[in-house]
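The values are calculated or read from the model by the stated rules, or taken from the named source; none is laboratory data. On a predicted model such as this, the values are computed, not experimentally measured, just so you know. Backbone-built Cβ (ideal geometry, glycine too); neighbour counts: all protein chains shown.
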Amino acid sequence: MTTPSAEGPGPEPAPPDAGPDTATATSTDAGAGAGADPDGGEAAEEHRPAPAGTTANLVVALVITAVGVAGAAGSWSLGLGSAAAPSAGTWPFLTSIAITCLGVALGALARRTDDAEALSPATWRIAAGVATMVGFVALISVIGFEIPSLLLALVWLRFLGRESWRLSIATSFGIVAAFYAIFVGALAIPIPHLL
Amino acid sequence: MESLTPMIDGFGVVLEPANLLYCLIGVVIGMLVGVLPGLGPAATIAILLPLTFSIEPVTAIIMLAGIFYGAQYGGTITSVLLRLPGEASSVVTVFDGHAMARQGRAGTALGIAAIGSFIGGTVSIVALSILAPVVAGFALDFGPPEYTALALLGILLVATVSNGGRVKAVVAACIGLLLATVGQDTFTGAERFTFGSMSLADGIDFVPVAMGVFGLGEILYNLEERAKGATAPSRVANVWPSRGDLRQSAGAIGRGSVLGFLLGILPGGGATLSSLAAYGLEKRRSKTPERFGHGAIEGVAAPETANNAASTSSFIPLLTLGIPANATMAIIFGALLIQGVTPGPQLVAEEPELFWGVVNSMYIGNILLLIMSIPLVGLFVKILRVRGTILAPITVLITLVGVYTVRNSVFDIALVIVFGLVGYLMKKYGFEPGPLVLAFVLGSLLETSLRRSLLVFDGDPTGFLTRPISGTLLVVLAVVILLPLARHLLRARRGAPDRQHEDAGT
């Protein structure tokens, strides 16, 4: 939604009433725009990891199918009911079956799928980012939100954002102070805190 | 329609200082969000959800709406100056807007976009004021079967029109529906998919889902360094378009307003689609289509007008039928539900001050945005220099602390992280998160109306087809499903040369 690709493979929906022409017109334009603009240095370059391979697509399809099957099994145990007397499991069963079928369809299309991205070296950054959040939620009930917030901000600024130490430390303290003032001071929200 | 009093009273609501203030806050945030690449309006509205629970429903929705249409104005600035659309709906503006900027006419491009947006928005508000009560009156007779059909159609349309693969979008929608069933079943009281957890017994709350999938998911996705930082020019001159520019774009603005309004009403339509369609229309109508892509002012005026008109008119299905037309509307729908307001046909009659307050606030919001976009544009250009790396930890912490404040629950923080990861993985593997959230929001409405209808029909599903409105809606639904399939088969038969296009286009 926010990293829309002007020229990437990002498929744009074809406007229904403008005819098939529009879609091609816009995509050609995107191409022409890029071509006419060789010194795109000033512009931000879109930088997408390579598309995922067939194996990855198959794994995705498998996960979806598994979710569907698990959902169907769970709904089964809730009781399926009947059309005249729907039970608790009826509706989840229907959706789970739909998920299962679509998962199988995705598996069949795996070779032709090109809208998934491969894991890239940058993916470790995601893991690190998630780890800081997991740490945050694990620690907040024990030692309050200040230290976890400080650490999270520091990691994001210094290591994920590659800002200087000086700026990272100053900004982290600033953020925590501001949060304390707003959430604990002004709004008096009962969030666990140290001080 | 016979009485204009509620509409006029609506202005009274807007002019209350608190509402004016939140309208201003909303459009400023929206403008900022549009300018800063990184978070879209859906993500921002999701992240700010906790803030709205402590204020009045009218005020809250006025602010959220302001963020939504404000972002359409802001997104233009980055498209024109940096060739970097801040919003998906400004992607087409890039072609001619940036070409104009390279010819030294950045100011003119921004000026015409702001004027077009203002006109498109205003035309759309007027049409909304006239049309919405009519639609709502028509929908008052809707029963469970109609709502079943409508919700299904809405979800499916959003799924099929969204970016990315159709199958994947429908998968996302189905998973949203499945997630919505977690918790106690309203009919039988049975616990569904709670895994014995007390925290899940009441179901999954909407806020962590929306904040996680949209907010955190998007932040994590951006962590992979997709967009390199770009440097903005420090000043922009000549924002007021000349008389000639205005004359040249008048037609484009007029057509863009109408087209945007119409496409915005459609479920799944909305700002992005209408900006593409308006651009295509202008290019096709033009006597000199070769100018497009090389700084044609109509190429900026038309999509910018249309995306604003569409973002306004996409409130119609939400406020009159209770069916959100796109992902952002789904979040506003969720916000209303949490406030204890159920959007639907009764809204205009039962909550006139909310309905007209929100609608009329858009006039004020658009005026504020026009002021911010033309004389104050330099200020927003400066904001472009704030680095995303500094904003990211702040947004993460606002999300984590914000979700806690809603129910004072640490479990919700864990939930938002889980859904953040889900949102990231979805984007990574080509699943649009929009349909998931939309389906999650509509899930219980859909299930309840389906089960009620089945009880009414005594288990006979043909009952849906015999009622005129639900029957028609289901026929439309069948067309939506079958048309792409048929086209697909047809093209497959025509041979492989089209293959690549088709893959990119569907």
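Of note:
- A single member of B:S124, B:S90 is among the small types (G, A, S), within 18 Å of the chain's Cα centre (by Cα), farther than 26 Å from B:L321 by Cα and assigned by TED's automatic domain parsing to the domain that holds B:N308, and it is B:S90.
- Selection from the stretch B:160-169 of residues that are closer than 14 Å to A:I99 by Cα and at pLDDT below 85: B:R166
- Looking across A:A177, A:A138, A:A188, one residue alone is more than 7 Å from every other protein chain (Cβ to nearest Cβ), over 28 Å from B:Y424 (Cβ atoms) and modelled with pLDDT of 90 or more. It is A:A177.
- Per the listing B:P145, B:P241, B:P208, the residue uniquely at pLDDT 80 or above, assigned to a loop (DSSP other than H, G, I, E, B) and buried (at least 24 other Cβ atoms within 10 Å of the Cβ) is B:P241.
- Selected residue (only one of A:A88, A:A118, A:A122 is buried (at least 20 other Cβ atoms within 10 Å of the Cβ) and either in contact with an Asp or Glu (Cβ under 9 Å, 6 or more places away or on another chain) or in contact (Cβ under 8 Å) with a residue 60 or more places away in the chain (or both)): A:A88
- Answer residue from the stretch A:141-161, given it is within 7 Å of another protein chain (Cβ to nearest Cβ) and not in a helix (DSSP H, G or I) and is farthest from B:F411 (Cα to Cα) among those: A:G161
- Note on the stretch A:64-121: residues that are of a type outside the set (K, R) and in a helix (DSSP H, G or I) amount to 35.
- A:T171 assigned to a helix (DSSP H, G or I), in contact with a Gly (Cβ under 8 Å, 6 or more places away or on another chain), on the phi < 0 side of the Ramachandran plot and of a type in the set (S, T, N, Q): no
- Annotation: B:V479 fulfils all but one of (1) at pLDDT below 90; (2) within 13 Å of chain A (Cβ to nearest Cβ); (3) closer than 20 Å to B:L318 by Cβ; the unmet one is (3).
- Out of B:T305, B:T312, B:T288, one residue alone is within 13 Å of the chain's Cα centre (by Cα) and hydroxyl-bearing (S, T, Y). It is B:T312.
- Complete set of residues in the stretch B:378-390 that are assigned to a helix (DSSP H, G or I) and at the interface with chain A (Cβ under 9 Å from one of its Cβ atoms): B:G388, B:T389, B:I390
- Filtered residue count, the stretch B:26-55, keeping only those that are without any contact (Cβ under 8 Å) to a residue 60 or more places away in the chain and surrounded by fewer than 18 Cβ atoms within 10 Å (Cβ to Cβ): 2
- Test: residue in the stretch B:83-92 that is more than 9 Å from every other protein chain (Cβ to nearest Cβ) and buried (at least 24 other Cβ atoms within 10 Å of the Cβ): no
- Lone unmet requirement of (1) crowded, with 20+ Cβ neighbours inside 10 Å; (2) among the small types (G, A, S); (3) facing chain B (nearest Cβ under 8 Å); (4) farther than 30 Å from A:G161 by Cβ for A:A61: (3)
- Subset of the stretch A:132-185 (residues that are of a type in the set (F, W, Y), surrounded by fewer than 16 Cβ atoms within 10 Å (Cβ to Cβ) and under 14 Å from B:L397 (Cα atoms)): A:F173
To keep it simple, each residue is scored yes or no on (1) over 30 Å from B:E447 (Cα atoms); (2) out of contact with any Lys or Arg (no Cβ under 8 Å at 6 or more places or on another chain); (3) more than 8 Å from chain B (Cβ to nearest Cβ); (4) not small (G, A, S).
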position	(1), (2), (3), (4)
A:L94	no, yes, yes, yes
A:I97	no, yes, yes, yes
A:T100	no, yes, yes, yes
A:L106	no, no, no, yes
A:R111	yes, yes, yes, yes
A:D115	yes, no, no, yes
A:L119	yes, yes, yes, yes
A:A122	yes, yes, no, no
A:A127	yes, yes, yes, no
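The rows are residues; the columns are (1) at pLDDT 85 or above; (2) assigned to a helix (DSSP H, G or I); (3) assigned by TED's automatic domain parsing to the domain that holds B:P17; (4) surrounded by fewer than 24 Cβ atoms within 10 Å (Cβ to Cβ).
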| site | (1), (2), (3), (4) |
| --- | --- |
| B:T76 | no, yes, yes, no |
| B:G97 | yes, yes, yes, no |
| B:G107 | yes, yes, yes, yes |
| B:L131 | yes, yes, yes, yes |
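- Boolean, B:F411 is touching a residue at least 12 places away in the same chain (Cβ under 8 Å), of a type outside the set (S, T, N, Q), under 23 Å from B:A180 (Cβ atoms) and surrounded by fewer than 20 Cβ atoms within 10 Å (Cβ to Cβ): yes
- Cβ separations smaller than 8 Å between residues 6+ apart or across chains give the following pairs from the stretch B:252-281 residues that are on the phi > 0 side of the Ramachandran plot to residues that are not in a helix (DSSP H, G or I): B:G268/B:S162; B:G268/B:A325; B:G268/B:N326; B:G270/B:S314; B:G270/B:A325; B:G270/B:N326.
- Considering B:P435, B:P393, the condition of being part of a helix (DSSP H, G or I), of a type outside the set (A, V, I, L, M, F, W, C) and more than 10 Å from every other protein chain (Cβ to nearest Cβ) is satisfied by B:P435 alone.
- Test for B:I67: is it under 30 Å from B:R407 (Cα atoms), under 19 Å from the mean Cα position of the chain (by Cα), in a helix (DSSP H, G or I) and free of Cβ contacts under 8 Å to residues at least 60 places away in the same chain: yes
- Taking the conditions (1) surrounded by fewer than 24 Cβ atoms within 10 Å (Cβ to Cβ); (2) assigned by TED's automatic domain parsing to the domain that holds B:V33; (3) touching a residue at least 40 places away in the same chain (Cβ under 8 Å) in turn, B:G463 satisfies each one other than (2).
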